[in-house]
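Before any comments, here is the structure.
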């Protein structure tokens, strides 16, 4: 039984390949369309793409064109050709604004740009473009079935931009350890918090701001030491107020003890 099933499978694959090769070499547009449709429906997207690209110029304006120009970006999307897919989804939505596939195509077009967004450490031009496309989709289809996913994608992209901004601000803290410019570190982290009040990195930013203020105070000249020690304690208080159970509690408390010891020494 297994032998016959194997033979049948080979026969189906061979027939499919033969059918595709025949359509590929044929001048018959109808045959190419039918086989492209068949390849698409069976998940053979690369083959469907090749056939669609052969016939798409001839089908513009025809009745079958809408389906053809929907299958094309879908096949590109499913083969992870996101840049071209995004462009082709936009072509479809602008050409067929009354299509029943408009909402889906609009969402997947925006999602194509999301898929092109790189990791946070790289240039984020594609991320900003993806956010723009997703926001346009959200504004146009506020009741869409894709809204939960669209909102999630926007959240992920915004967090990526926040991560990049935080790492840039944190870099001032890192370089301050070598060059001693802790004021720049404090200002940079403070600006990050002001620009991103609801950021998931607020706890980290508050701690590194406190740490920079602590180091600045401990190593300060005597004439500025009292003022800077008190300022550092204020940054500690801001951290604990925001996150009483902060993951930095142990380090922060140890630094607070040293700040209080320095203050006691000054008072003597």
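A few comments on the model shown:
- Mean-square fluctuations from a GNM of the chain, with a 10 angstrom spring cutoff on Cα atoms, peak among 26, 223, 42 at 223.
- Over the chain, Cα pairs under 8 Å with separation of 6+ residues give a relative contact order of 8 percent.
- Among 62, 225, 44, the largest mean-square fluctuation in a Gaussian network model of the chain (Cα springs under 10 Å) belongs to 62.
- Between the range 24-62 and the range 63-122, the alpha-carbon center distance in angstrom: 18 Å
- Here the Kirkwood formula, the inverse mean of 1/r across different C-alpha pairs, assigns the range 112-205 a hydrodynamic radius of 14.7 Å.
- Using C-alpha pairs below 8 Å separated by at least 6 residues, the relative contact order for the range 64-222 is 14 percent.
- The convex hull of the Cα atoms of the range 180-268, projected and averaged over all directions, covers 5.6 nm².
- Within a Gaussian network of the chain (alpha carbon springs, distance under 10 Å), most fluctuating of 75, 212, 237: 237
- Average 1/r across all pairs of distinct alpha carbons in the chain, invert it, and you get the Kirkwood radius: 23.4 Å.
Bear in mind that the values in this text are calculations on the coordinates, not laboratory data. Because the structure is predicted, anything quoted here is derived from the model rather than measured.
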